[in-house]
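Have a look at the structure below, then the notes.
The values are calculated or read from the model by the stated rules, or taken from the named source; none is laboratory data. What you see is a predicted model, and the numbers here were worked out from it, not measured in a lab. Glycine gets a Cβ as well: all are built from the backbone with ideal geometry, and neighbour counts include every protein chain shown. Accessible surface areas use protein heavy atoms only, side chains included; no ligands, DNA or RNA. Shrake-Rupley method; radii C 1.70, N 1.55, O 1.52, S 1.80 Å.
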Amino acid sequence: MKLTARGAIVLALAVTVAAYALAGPLDLPFLVGAVFVAASLVGVLLVNPRDLLSLVVTPPLVFFAATLVVEFVRALGSGKLAQSLAIGLYSSLSAGAPWLFAGSAVVLGVALRRGLRDNVRELREELRAGAETARPSRKQAYEPEPEGYFEPRVYGTPRTQTED
């Protein structure tokens with residue numbers, strides 16, 4: 001079974017949000033981090049090798065998005081939404097930082113073994129090929145405006161002034 005980068009990201013996000021929902025009532029703060037690392041590992045193992053470059057940069061975004069969703073839902077019940085959300089995000093992201101780094105390192109390590117270097121090499125070659133193509137000069141890119149283009153046009157014959 002192979003996933004696209006989007007599928008792996010959605011998988012990691014859904015599993016991390018579910019872990020937050022499960023860890024809250026059970027009072028198991030380490031559960032969220034462990035599930036996040038496991039979901040990131042499964043995602044990088046199942047993703048198509050051509051999508052590794054897209055997937056490698058997403059673990060921090062996935063972790064933040066899952067934390068934001070969960071803390072927003074928790075903050076809805078409080079009287080001060082913004083204050084509750086800010087405190088919840090700060091505490092959850094602070095507690096989850098080691099897990100976030102571990103998940104990012106796992107994804108990067110596995111992606112390197114699965115062919116991330118080839119993806120980076122191909123991207124560099126595409127960028128070089130695009131830079132080597134002849135770009136039009138500034139004169140070719142923008143044609144000059146015709147003479148008097150911004151001047152108002154006068155139609156008909158000029159009026160003669162009459163004296164009263």
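Please list, in chain and number order, the residues 5+ apart from V47 or on another chain whose amide H is under 5 Å from its amide H, with Hs placed from the backbone. Those qualifying (amide H under 5 Å, at least 5 residues apart or on another chain) are L3.
Length available on full extension from A18 to R124: 0.36 nm per residue minus the Cα-Cα distance, which gives 34.4 nm. The candidates S104, S40, arranged from most to least accessible area with a 1.4 Å probe in the full protein assembly, appear as S104, S40. Here the Karplus curve 6.51 cos²θ - 1.76 cosθ + 1.60, taken at θ = phi - 60°, turns the phi angles of the range 73-82 into couplings of 5, 5, 6, 4, x, 8, x, 10, 5, 5 Hz, with x standing for Gly and Pro. Rolling a 1.4 Å probe over the protein heavy atoms leaves R114 with an accessible area of roughly 60 Å². With the simple model of a label 7 Å out from the Cα in the direction of the Cβ, L93 to R74 spans 1.4 nm. Couplings 3J(HN,Hα) of the range 30-47, computed from phi: 6, 4, 4, x, 5, 5, 4, 4, 5, 5, 5, 5, 4, x, 6, 6, 9, 6 Hz, in residue order, whole Hz [Karplus 6.51 cos²θ - 1.76 cosθ + 1.60, θ = phi - 60°; x for Gly and Pro].
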